[in-house]
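Okay, so here's the structure we're looking at.
Rule-based calculations on the coordinates, nothing more; no lab input. What you see is a predicted model, and the numbers here were worked out from it, not measured in a lab. Every residue, glycine as well, gets a Cβ built from its backbone with ideal geometry; the counts of neighbours run over all protein chains shown.
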Amino acid sequence: MIWHEDKQGIVKVYFGSVGFLVLFLSFFNAPLAAAKSLTLCDEIGSLGFDDARVSRPVPIEDYNPFDVAPACEKALVAEPENPRFHFQLGVAMALLLNPDKALEHLEIAAAKDYDAAHKFLKMFDKKMAEQMNGSSSQSADNSDTVLDQCDRIGAIPIDTRSVGQPVPHKEYNAQAVEVACRKALEANPDNPRFHFQLGMALLGTGKVSDALDHLKFAADNNYVAARLALAKFDENMGK
């Protein structure tokens, strides 16, 4: 096993950084492996840094873990030992903030010498270590000056595509975030991240109807955190 039990708690805290890794690794488009009969898992779950993929890589902006996860689970029913399916399911589970399932499938793929799984876990381990020892804080501070106020005070831990440092719950000010993100949307009305961050702030101030409008806009633009938030809202409402 690549991961030890004493890391599980840490992994759950820092798994949001996996979004950064997918973006980083997506720049490295490996050659396509020999053509094989494609499954839906391959068609919608292939990533550019995987040199064993059998389908064209899915652009990161079009990647939808909500669809990839069930497709790869189905593929594994037919081929339970296929490391590519385990890898693609592991990445999807990571983006869905399910660290236990993500690590389970990534480790299976890595144990079968699936190179992309080794690469993904190695980069994640490095990113997690940076966050633990604070080595990335200086670069974060340097970039803070170019961040919109909506990103600076409105980023939250469940959002793997946030560009600001996640704001701890005790420091989160929903009213201030609402003001900042409304202003941000005046300049950039189609930005799904701003819509998501405004939607979450509006939930915090009790403006549920307005919040859902913004979250749905973000979700319709494939913003994963918005889809997670809406699913949780529906669950809490008993739908």
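Side notes on the structure shown:
- A simple rule links phi to the HN-Hα coupling: the Karplus curve 6.51 cos²θ - 1.76 cosθ + 1.60 with θ = phi - 60°, which for the range 61-66 gives 6, 9, 6, 10, x, 5 Hz, with x for Gly and Pro.
- Extending 7 Å from the Cα toward the beta-carbon at both LYS170 and ILE60 defines two label points whose distance is 3.3 nm.
- For the range 113-122, Karplus couplings with θ = phi - 60° (6.51, -1.76, 1.60), whole Hz, Gly/Pro x: 6, 7, 4, 5, 5, 4, 4, 5, 5, 5
- Taking every C-alpha pair closer than 8 Å and separated by at least 6 residues, the mean separation divided by the residue count of the range 146-236 gives a relative contact order of 23 percent.
- For the range 146-236: rounded, prolate or oblate by the Cα gyration tensor [a/c cutoff 1.5]: rounded
- For the range 183-188, backbone phi angles converted through the Karplus equation (6.51, -1.76, 1.60; θ = phi - 60°) give residue-by-residue couplings of 5, 4, 6, 5, 8, 9 Hz, Gly and Pro being listed as x.
- Stokes-Einstein D (µm²/s) once Rh is taken as the Kirkwood radius of the range 50-118 over alpha-carbon pairs, at 20 °C in 1.002 mPa s: 181
- Long-range amide H partners of ASN82 with built H, under 5 Å: none
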